Amino acid sequence: MIDLDPGPEVAELRERVAAFVQATVIPAEQRDHSEHGLDESLRAELQDAARVAGLFAPHVSVSLGGLGLDTRGQAAVFEEAGYSVLGPQALNCAAPDEGNMHLLSVIATEQQRARYLVPLAAGAVRSCFAMTEPAPGAGSDPAMLATTATKVDGGWSISGRKWFITGAEGAAFAICMARTGESIRAGRGATMFLVDADNPGMRVDRV
Ligand SMILES: Cc1cc2nc3c(=O)[nH]c(=O)nc-3n(C[C@H](O)[C@H](O)[C@H](O)COP(=O)(O)OP(=O)(O)OC[C@H]3O[C@@H](n4cnc5c(N)ncnc54)[C@H](O)[C@@H]3O)c2cc1C
């Protein structure tokens, strides 16, 4: 049987997150006047407050400045953070950054960690995850990927259109899924690429 109790330390942390959300994050909701996403200066202010409270980046390893919680601990803390729509951003554990941090921490090379994971974990930049495409491209079924990546001198050329990409505006980089094979099956044919947002070939439009 799996023991899902994260233990007394997480229980105490959970209470501190709940108190932080009540006292600091919820009152800030009224100051978020951005049309889309969270105002960047308010995001920085809330993240500073979370750092001071010792609650920043609960899912990130201690070596990268986080609290190093395991999945059970993360579940408890994320639940409390989610009591306010701004809570996960204050703790730097909002989607899609949290998932991207997890992915990078598992598979990134040392160079990729230094360039993408370290600033993301520190809250210095935001990121996005670009999988979904307009029909008939990828959605529920990622095997329908229409975006292609072709090897060229010095790297890859990615061609395609994505939509519904949370946080694309203002993200420093995207993890972009593209087709690298004729067919996508048995874990082959699709690849995730780290794409710098200041790449001249990347354009973000509001549709
Ligand atoms: C708030 C929000 C944030 C998002 N953020 C991101 C993001 O950051 N990055 C990103 O890449 N995408 C993002 N998405 C897109 C999301 O991943 C897609 O909407 C989702 O994968 C579904 O794809 P689709 O919209 O193309 O719908 P479709 O795949 O076209 O599905 C349409 C309908 O058909 C049904 N359906 C599909 N296939 C089958 C089947 N085989 N059998 C039966 N029924 C089926 C579905 O259940 C659904 O009801 C976001 C979406 C939302 C709403």
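Express the carbon and sulfur contribution to the solvent-accessible surface of the chain as a percent, rounded to the nearest whole number, probe 1.4 angstrom. With neighbouring chains kept in place, the figure for the chain is 54 percent.
Mind checking the per residue accessible area of the stretch 14-74 for me, 1.4 Å probe, whole number of Å²?
Accessible area per residue: 55 Å².
Considering only THR191, ALA124, ALA174, the residue lying farthest towards the positive end of the dipole of the chain is THR191, judged by Cα position with unit charges set on Cβ.
With protein chains left intact and a 1.4 Å probe, residues in the stretch 127-196 average 58 Å² of accessible area per residue.
Express in nm, to one decimal, how much length is gained between ARG31 and GLU79 on full extension, taking 0.36 nm for each residue of separation and deducting their alpha carbon distance. Write down the numbers at each step before the final one.
Working: separation 48, 0.36 × 48 = 17.28 nm, distance 2.27 nm.
Once the chain is fully extended between ARG31 and GLU79, it gains 15.0 nm.
Each residue was assigned an accessible area with a 1.4 Å probe, and for LEU91 the value is about 0 Å². Estimated from helices alone, the mean residue ellipticity of the chain at 222 nm is -7500 deg cm²/dmol (sum of -39500 (n - 2.57) over DSSP H runs with n ≥ 4, per residue). For the pair the stretch 164-207 / the stretch 1-57, the C-alpha centres are spaced 29 Å from each other. For the stretch 1-81, the Cβ-based charge dipole about the Cα centre amounts to some 160 debye (Lys, Arg positive; Asp, Glu negative; other atoms uncharged). Each principal axis of the Cα atoms in the stretch 11-102 has its own extent, and those three values, largest first, are 34, 26, 20 angstrom. Backbone N atoms of the stretch 163-189 closer than 20 Å to the 7 Å Cα→Cβ label point of TRP156 belong to residues 163-166, 168, 171-189. Along the chain, counting only GluC sites (Glu not before Pro) with a DSSP assignment other than H, G, I, E or B and at most 10 other Cβ atoms inside a 10 Å radius, the longest segment between sites is 36-181.
Name the shape class, rounded, prolate or oblate, that the alpha-carbon gyration tensor gives for the stretch 127-196, where a ≥ b ≥ c are the square roots of its eigenvalues, rounded holds for a/c under 1.5, and otherwise prolate holds if a/b is larger than b/c and oblate otherwise. In terms of gyration-tensor shape, oblate. Along the chain, the exposed loop sites are trypsin sites (Lys or Arg not before Pro) outside DSSP states H, G, I, E and B with at most 16 other Cβ atoms within 10 Å, and the longest stretch free of them is 1-160. Placing a pseudo-label 7 Å from each Cα along the Cα-to-Cβ vector at LEU64 and VAL52 gives an inter-label distance of 2.6 nm.
The values are calculated or read from the model by the stated rules, or taken from the named source; none is laboratory data. As the structure is a computational prediction, the values presented were derived from the model and not from experiment. Note that we place each Cβ from the backbone using ideal geometry, even for glycine, and neighbour counts take in every protein chain shown. These area figures cover heavy atoms from the full protein model, side chains too; ligands, DNA and RNA do not enter into them. Shrake-Rupley method; radii C 1.70, N 1.55, O 1.52, S 1.80 Å.
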